[in-house]
Amino acid sequence: MITDDIEAFAAALPARRALIGLDLGEKTIGVAVSDSLLSVASPFETIRRRKFGLDAARLLEITKERDIGGIILGLPRNMDGSEGPRCQSTRAFARNLERLTALPIGFWDERLSTVAAEKALLEADATRKRRAEVIDNIAASYILQGVLDRLSHLRAAQ
C-alpha cells in the first residue's frame, strides 16, 4: 500500500512497531528510525546509492533488524507545492519498493527538511566534513519526526 494520506497510512500501521523515514537523494539515502511508541525519530544511517536492488536490500534489512511497521519517504515538492522530476523519482522508488515488502508506504512533504538539518548542524558547530556525512540522515529524522508529530495529533483527536 502506498498513500499520500497520512490518516490512511496510520490506519494501516501495526501496533507497537517503529517507522523508518527516508530522505532520497541522488547519491545517498538518509535513514531515520523511530521508537516503537512512535514518539521520537533518530538519525540512523546514510546509504550510499548504487543500484535499486542493493539499496532496497539494505533498507529491507534495516526494517527486519529494527522491527519496522511502516516506511515514510520524504516527497521533495517544489516550494509552490507542485511536483517535479524529483517527486516522480521518489514515487517510482516507492512503487519499486512496494513490490518487495508488504509494509505500508507513505509520503511526507519534505520541503525545507534539509535546510532545517543544515541549520541544526551549523548551530552545533559541525565541521563541513561532518555535515556532509550526516546531513541526509538528519534530514530523514526531520521528515520522520513530522510524521510522528502528526500521528500523535491524530491519536489525541480520537
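Scan the stretch 32-52 and give yes if some residue there is more than 15 Å from LEU144 (Cα to Cα), in a helix (DSSP H, G or I) and either at pLDDT 95 or above or of a type outside the set (Gly, Ala, Ser) (or both), otherwise no. Let's see the steps before the verdict.
Our first condition is that a residue be more than 15 Å from LEU144 (Cα to Cα); within the stretch 32-52, this holds for 47-52.
Applying the additional criterion that residues be in a helix (DSSP H, G or I) yields 52.
Filter again for either at pLDDT 95 or above or of a type outside the set (Gly, Ala, Ser) (or both), leaving 52.
Among the residues of the stretch 32-52, at least one is more than 15 Å from LEU144 (Cα to Cα), in a helix (DSSP H, G or I) and either at pLDDT 95 or above or of a type outside the set (Gly, Ala, Ser) (or both), which makes the answer yes.
Being in contact with a Lys or Arg (Cβ under 6 Å, 6 or more places away or on another chain) and at pLDDT below 95 is the filter here; which residues of the stretch 14-27 pass it? It would help to see each step written out before you state the result.
Narrowing the stretch 14-27 to residues in contact with a Lys or Arg (Cβ under 6 Å, 6 or more places away or on another chain): 18, 27.
Scanning the stretch 14-27 gives a single hit, LYS27.
Working only within the stretch 57-111, note down all residues that are in a strand (DSSP E or B) and touching a Gly at 6+ places or on another chain (Cβ under 6 Å).
Keep residues of the stretch 57-111 that are in a strand (DSSP E or B), which gives 68-75, 105-109.
Correct list: ILE72, TRP108.
Answer with yes or no whether ILE47 is buried (at least 20 other Cβ atoms within 10 Å of the Cβ) and free of Cβ contacts under 8 Å to residues at least 24 places away in the same chain. Spell out the reasoning first.
Values: buried (at least 20 other Cβ atoms within 10 Å of the Cβ): yes; free of Cβ contacts under 8 Å to residues at least 24 places away in the same chain: yes.
Yes; evaluated as a whole, the condition is true for this residue.
Restricted to the stretch 53-91, and to residues that are of a type in the set (A, V, I, L, M, F, W, C) and at pLDDT below 95, which residue is surrounded by the most Cβ atoms within 10 Å (Cβ to Cβ)?
So in the stretch 53-91, the residues of a type in the set (A, V, I, L, M, F, W, C) come out as 54, 56-57, 59-60, 62, 68, 71-73, 75, 79, 87.
Okay, now just the ones that are also at pLDDT below 95, so 75, 79, 87.
Values: LEU75: 20, MET79: 7, CYS87: 16.
That would be LEU75.
The values are calculated or read from the model by the stated rules, or taken from the named source; none is laboratory data. Since the model is a prediction, treat every value here as computed from it, not as a measurement. When we count neighbours, we look across all protein chains shown, and the Cβ atoms used for this are built from the backbone with ideal geometry, even at glycine.
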